[in-house]
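K.L.:
This structure is in structure tokens; I'll ask about it shortly.
The values are calculated or read from the model by the stated rules, or taken from the named source; none is laboratory data. For clarity, every value in this text was computed on a predicted model and none was experimentally measured. Counting neighbours? That spans all protein chains shown, and the Cβs are built from the backbone with ideal geometry, glycine included. Calculation scope for accessible area: heavy atoms of the full protein, side chains included, ligands and nucleic acids excluded. Shrake-Rupley method; radii C 1.70, N 1.55, O 1.52, S 1.80 Å.
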Amino acid sequence: MNKRSSKPVDEPDSPNSVGWVTPGRIRLATPEKPFTLEVGESLSDVVVEYETYGELSPARDNAILICHALSGDAHAAGWDVSATRRTASGRFRPMKDGYTPPRGYRTKKPGWWDSMIGPGKPIDTSRFFVICSNVLGSCYGTTGPASLNPETGRPYGLTFPVVVEDWVRLQALLLDALGIGDLYAVIGGSLGGQQALEWALAYPERVRKAIILAAAPRLSTQGVAFNAVARYSIMNDPNFRDGHYYSDANPDHGLAAARMLAHITYLSEEGLDAKFGRRLQDESKENPDFGFEIEFAVESYLNHQGKVFVERFDANSYLYILRAMDYYDAAARWGGGDLVEAVRRITAETLVASFSSDWLYTPDGCQELVHAICRTAKPVTYIDILSQYGHDAFLVETERVGSLLRGTLKARG
């Protein structure tokens, strides 16, 4: 198996970095023009946070939309200028204008896909105008359950309407507001990959290339089961209080447990064994303590992931995004349950990439989509990348994924 890909971090003044970036915020729904969700409910105030990199061409034909995964955000590349003047708030509390920065949100780190986006990088901002927005229901600047309900003046909590695939329709409204009609490409991994697929299905006339990484037409039954356990952990935390916890202690233990469980699904057995084995956390000890505190290195890793996650994410948002992940089914949405009929809508040049050890969105699930597209005689490219890093490979395998993106985006046809 390959070693983990590594890439030095580009500092803000690097010629390969998009440099310092300032997030944009735009109101896309008002009482006069509400945003109606698929479940039938409406939001009279929707604010979206987004970032852009590069320059839009005079013909407006070089735009690429990046769709983030479950706990991602709009900060996909560069260095957030607001990180120099904002510190962790200490508690996840709602703020005015629908904006709720979680603890530790603004950090002095480059964007989550900085290795892919920038001048000369696979998604080359000297050629392309790149947009990434935060999804509806999240907690990173776009309206979500922690935002203030204008009708009550209190956080929505669980009164926020359930989101299905309203994300893509909201992204389309954002592009309209930015004066962008067609997309040269839409790119996403994991839950972002499902959004990329939905773009190709919902707006075939607006998408020229769809790049879908580590994503399938629907989440497997096993994936739905893992999400059910995650929700149970959060909603049974004593501090959850039916989602109305913003003025008091947060359900940190439940959210941490949910995130620990998720991290197991993001990795692979081979990867876990290679990284941790059965090594004790305290390697100076010859024997374990034979108790219930952290003994193994893998336990320490998961415990750390849970602790840092509660400092940057909202428990209610996690519930909503997991549920949207469960509900998405491309065949049911567009083909009456028949995936081949659904993908007949696609006109984009499509790339699907799976990763050999991914057991959240498995190669078989990705191949189901590819086979369906092939049956419609539409252009599609498929690659299964050999990797030990499980579902996280789409973020970890920077060299391989970068090469794939560069080649797919190279032709401007």
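K.L.:
What part of the accessible area of the chain, given as a whole %, is carbon or sulfur when the probe is 1.4 angstrom? Write out the running numbers ahead of the final one.
P.N.:
On the way: 9140 of 17700 Å².
The value for the chain is 52 percent carbon and sulfur by accessible area.
K.L.:
What is the distance in Å between the Cα centroid of segment 209-272 and that of segment 378-400?
P.N.:
Rounded to whole Å, the Cα centres lie 23 Å apart.
K.L.:
Just to verify a number: what accessible area does M260 come out at with the full protein assembly present, 1.4 Å probe, Å² rounded to tens?
P.N.:
60
K.L.:
Mean projection of the alpha-carbon convex hull of segment 293-413 over all orientations, in nm²?
P.N.:
Values: hull surface 41.9 nm².
The number I arrive at for segment 293-413 is 10.5 nm².
K.L.:
So what are the radius of gyration and Dmax for the Cα set of segment 322-369, in Å?
P.N.:
12.0, 31
K.L.:
Choose one of L302, A215, G179: the residue whose Cα lies farthest towards the positive end of the charge dipole of the chain (beta-carbon charges +1 Lys, Arg; -1 Asp, Glu; about the Cα centre).
P.N.:
Going by the Cα projections, it comes out as G179.
K.L.:
In the chain, which helices (entire DSSP H runs) extend 15 Å or more along their own long axis, judged by Cα positions, while averaging at least 0.5 on the Kyte-Doolittle scale?
P.N.:
Values: long enough: 166-177 (17 Å, 0.59); 191-202 (16 Å, 0.38); 221-235 (21 Å, 0.55); 252-266 (21 Å, 0.29); 297-310 (20 Å, 0.06); 315-327 (18 Å, 0.11); 363-375 (18 Å, -0.07); 398-410 (17 Å, -0.29).
Result, helices passing both filters: 166-177, 221-235.
K.L.:
Something else now. How would you rank 60-66, 199-205, highest first, on the average number of other Cβ atoms within 10 Å across their residues? All intermediate terms of the calculation are to be shown ahead of the outcome.
P.N.:
Working: 60-66: 22.0, 199-205: 20.0.
Ranked by mean Cβ neighbours within 10 Å, highest first: 60-66, 199-205.
K.L.:
Let me spell out the model: positive unit charges on the Cβ of Lys and Arg, negative unit charges on the Cβ of Asp and Glu, origin at the Cα centre of segment 282-413. What dipole size does that give, in debye rounded to 20? Display every interim value, and only then the final one.
P.N.:
Numbers: 13 positive and 21 negative charges, 261 e Å.
Approximately 1260 debye in magnitude.
K.L.:
Could I ask something else about it? How far is it, in nm, from the label point at W20 to the one at V229 when both lie 7 Å from their Cα along the line to the Cβ?
P.N.:
A separation of 4.6 nm, rounded to one decimal place.
K.L.:
Ok, one more. Taking the dipole about the Cα centre of the chain, with the C-beta of Lys and Arg at +1 and of Asp and Glu at -1, give me whichever of S233, A372, T143 is farthest to the positive side.
P.N.:
Of the candidates, T143 comes out farthest on the positive side.
K.L.:
Moving on. Calculate the dipole size of segment 103-257 relative to its Cα centre from +1 charges on Lys and Arg beta carbons and -1 charges on Asp and Glu beta carbons; express the result in debye to the nearest 20. Display every interim value, and only then the final one.
P.N.:
Working: 14 positive and 13 negative charges, 90 e Å.
My answer is approximately 440 debye.
K.L.:
Then there's this: What does the C-alpha gyration tensor say about the overall shape of segment 238-362? Classify as rounded when a/c is under 1.5, otherwise prolate if a/b is larger than b/c, or oblate.
P.N.:
On the way: a/c = 3.60, a/b = 1.48, b/c = 2.42.
Since a/c reaches 1.5 but b/c is at least a/b, the shape of segment 238-362 is classed as oblate.
K.L.:
Now for a separate question. Out of all Cα-Cα pairs in the chain, roughly what percent, to the nearest whole number, are more than 36 Å apart?
P.N.:
Details: 18881 of 85078 pairs.
Beyond 36 Å sits 22 percent of the P(r) for the chain.
K.L.:
In addition: Which cross-chain or sequence-distant (5 or more) residues have an amide H under 5 Å from the amide H of I385, H modelled 1.01 Å from N in plane?
P.N.:
Hits under the 5 Å cutoff: S354, F355, S356.
K.L.:
Distance from the Cα centre of segment 26-75 to that of segment 121-150, in angstrom?
P.N.:
Cα centroid to Cα centroid, the span is 7 Å.
K.L.:
Starting with the highest mean, order 349-355, 190-196, 220-226 by the number of other Cβ atoms within 10 Å, averaged over the residues of each peptide. Spell out each step's value before the answer.
P.N.:
Values: 349-355: 25.4, 190-196: 27.3, 220-226: 14.3.
The packing order, highest mean first, is 190-196, 349-355, 220-226.
K.L.:
Follow-up question, since we're still on this one. Calculate the translational D of segment 101-243 in whole µm² s⁻¹ from Stokes-Einstein, where the hydrodynamic radius comes from the Kirkwood formula applied to all Cα pairs, the temperature is 25 °C and the viscosity 0.890 mPa s.
P.N.:
Values: Rh = 17.7 Å.
It comes out at roughly 139 µm²/s.
K.L.:
On to the next question. Going toward the positive end of the dipole of segment 250-350, with +1 on Lys and Arg Cβ and -1 on Asp and Glu Cβ, which of P251, A342, L261 do you reach last?
P.N.:
A342
K.L.:
Let me ask another. Please list V164, V401 from largest to smallest accessible area, probe radius 1.4 Å, with all protein chains kept in place.
P.N.:
Details: V164 25, V401 0 Å².
Accessible-area ranking of V164, V401, largest first: V164, V401.
K.L.:
From the mean inverse distance of alpha carbon pairs (Kirkwood) and the Cα radius of gyration, derive Rg over Rh for segment 368-413.
P.N.:
Details: Rg = 12.9 Å, Rh = 12.4 Å.
Here the Rg-to-Rh quotient is 1.04.
K.L.:
Moving on. So if I place +1 on the C-beta of Lys and Arg and -1 on the C-beta of Asp and Glu, and nothing else carries charge, what would the dipole magnitude of the chain be about its Cα centre? I want it in debye, nearest 20. Can you show the working numbers first?
P.N.:
Values: 43 positive and 51 negative charges, 183 e Å.
Using only the charged Cβ atoms, the result is roughly 880 debye.
K.L.:
Label A274 and V39 with points 7 Å out from Cα along Cα→Cβ: what is the distance between them in nm?
P.N.:
4.1
K.L.:
Which pairs in the list K275/K307; K109/K209; K33/K209 are over 25 Å apart, alpha-carbon to alpha-carbon? Please report the intermediate quantities before stating the final value.
P.N.:
Numbers: K275/K307 20 Å; K109/K209 30 Å; K33/K209 31 Å.
Over 25 Å apart, Cα to Cα: K109/K209; K33/K209.
K.L.:
Additional query: How far apart, in nanometres, would the label points at R154 and D182 be if each is projected 7 angstrom from Cα along the Cα-to-Cβ direction?
P.N.:
5.0
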